[in-house]
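Colleague: Below: one structure in structure tokens.
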Amino acid sequence: AVVLCVDEKPSIQALERKTGYIKTDSGKVIRAYKSTYKRHGTLNLFAALQVSTGKIQGKVTETKKRVDFQSFMDEIATEYSPDQEIHVILDNYCTHKKNEGWLLKNKNVHFHFTPTSASWLNQVEIWFGIFSIKALRGASFTSPRELRQRIEDFIERYNPDSRPFKWRKREVK
């Protein structure tokens, strides 16, 4: 069987930020973002993390409806043979529920839901953090198309070196 952690990162904004230079209290001149920005729209990212490899499969959409989720799951399901069991870890978001019809057509796929308020159990959330820091923090986009390209490029660059996440219990002193 294969285990996938699936979720979406909704409403990623394509913000165009202006940069300039400011002088700090110490007299140092640094580059900074101006407080104003221009909004160019939002996109949503559906992502599936394969637990055993850390590989990400993503799909960028303009909406985050159940049909978008099912379309993404169709793409996931076609990656595996029909006799391969696929176990999908999901949170309790409304688009993940009421998919009985889709599950009946894909009998090899099994949904498992994390408890409410326990999103940290879904490992794709760890990847979303990495993605946000490395691909989105401080970024400026002049269009949703440019944002989509950044998302797709990041996934493409991430996958060749992907590794599974190892959960560790922190030592309490």
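Colleague: For the pair Ser162/Lys65, report the inter-label distance in nm, with labels modelled 7 Å from Cα in the Cβ direction.
Modeller: Here the answer is 2.8 nm between the modelled labels.
Colleague: With a Förster radius of 35 Å, plug the Cβ-Cβ distance of Thr53 and Lys18 into 1/(1 + (r/R0)^6) and report the FRET value to the nearest 0.05.
Modeller: So the FRET efficiency works out to roughly 0.30.
Colleague: Also: Taking 0.36 nm per intervening residue step and subtracting the Cα-Cα distance, what contour gain separates Asp74 from His40 on full extension?
Modeller: In short, 9.3 nm is gained.
Colleague: I'd like to check one number: the per residue accessible area of the chain, probe 1.4 Å, reported in Å² as a whole number.
Modeller: Accessible area per residue, the chain: 64 Å².
Colleague: Below 19 Å, Cα to Cα, which aspartates and glutamates can Lys55 reach? Residues fewer than 8 away in the same chain don't count.
Modeller: Asp7, Glu8, Asp74, Glu75, Glu79, Glu85, Glu125, Glu152, Asp153, Glu156, Asp161
Colleague: If you keep only loop residues by DSSP, which GluC sites (Glu not before Pro) in the range 131-173 have at most 16 other Cβ atoms within 10 Å of their Cβ?
Modeller: Counting only loop positions with at most 16 other Cβ atoms within 10 Å, the GluC sites (Glu not before Pro) in the range 131-173 are Glu171.
Colleague: Residue separation times 0.36 nm, minus the C-alpha to C-alpha distance between Thr116 and Asp153: what's the value?
Modeller: Once the chain is fully extended between Thr116 and Asp153, it gains 10.1 nm.
Colleague: Okay, moving on. With a point put 7 Å past each Cα toward its Cβ, work out how far Lys173 is from Ile126 in nm, to one decimal.
Modeller: Each label point lies 7 Å from its Cα, and together they span 2.3 nm.
Colleague: Rank Val172, Val29 by accessible area, highest first, at a 1.4 Å probe radius?
Modeller: Val172, Val29
Colleague: Let me ask something else about it. Solvent-accessible area of His112, probe 1.4 Å, all protein chains present, reported in Å² to the nearest ten, please.
Modeller: Accessible area, nearest 10 Å²: 80 Å².
Colleague: Charges on Cβ only, +1 for Lys and Arg, -1 for Asp and Glu, centred on the Cα centroid of the range 22-141; of Ala47, Asn108, Ile86, which one is farthest towards the dipole's positive end?
Modeller: Positive-most Cα among the choices belongs to Ala47.
Colleague: Sticking with this one: To check you understand DSSP bridge types, tell me what percent of the beta bridges within the range 13-167 (both residues inside) are antiparallel, rounded to 5.
Modeller: Expressed as a percentage, antiparallel bridges in the range 13-167 total about 75.
Colleague: I've got another one for you. Of Lys18/Lys64; Lys9/Lys134; Lys64/Lys98, which pairs sit farther than 18 Å apart, going by alpha carbon to alpha carbon?
Modeller: Lys18/Lys64
Colleague: So, one more: Counting other Cβ atoms within 10 Å, keep those with at most 15, restrict to DSSP loop, and tell me which trypsin sites (Lys or Arg not before Pro) in the range 95-129 are left.
Modeller: Taking the range 95-129 and a limit of 15 other Cβ atoms within 10 Å, the loop trypsin sites (Lys or Arg not before Pro) found are Lys97, Lys98, Lys107.
Colleague: Would you please give the residues with an amide H less than 5 Å from that of Phe113, counting only those at least 5 places away or on a separate chain, with H modeled from the backbone geometry?
Modeller: Distant-sequence amide H within range of Phe113: Leu90.
Colleague: Please list, by residue number, every one of the GluC sites (Glu not before Pro) in the range 61-114 that is coil in DSSP and has at most 15 other beta-carbon atoms within 10 Å.
Modeller: The qualifying sites are Glu62, Glu79, Glu85.
Colleague: Dipole size in debye (nearest 20) for the chain around its Cα centre, Lys and Arg Cβ +1, Asp and Glu Cβ -1?
Modeller: 1020 debye
The values are calculated or read from the model by the stated rules, or taken from the named source; none is laboratory data. None of these values were measured; they are calculated from a predicted model. With ideal geometry, Cβ positions are generated from the backbone for all residues, glycine too; neighbour counts draw on all protein chains shown. To get the accessible areas, we keep the full protein, side chains included, count just its heavy atoms, and leave off ligands, DNA and RNA. Shrake-Rupley method; radii C 1.70, N 1.55, O 1.52, S 1.80 Å.
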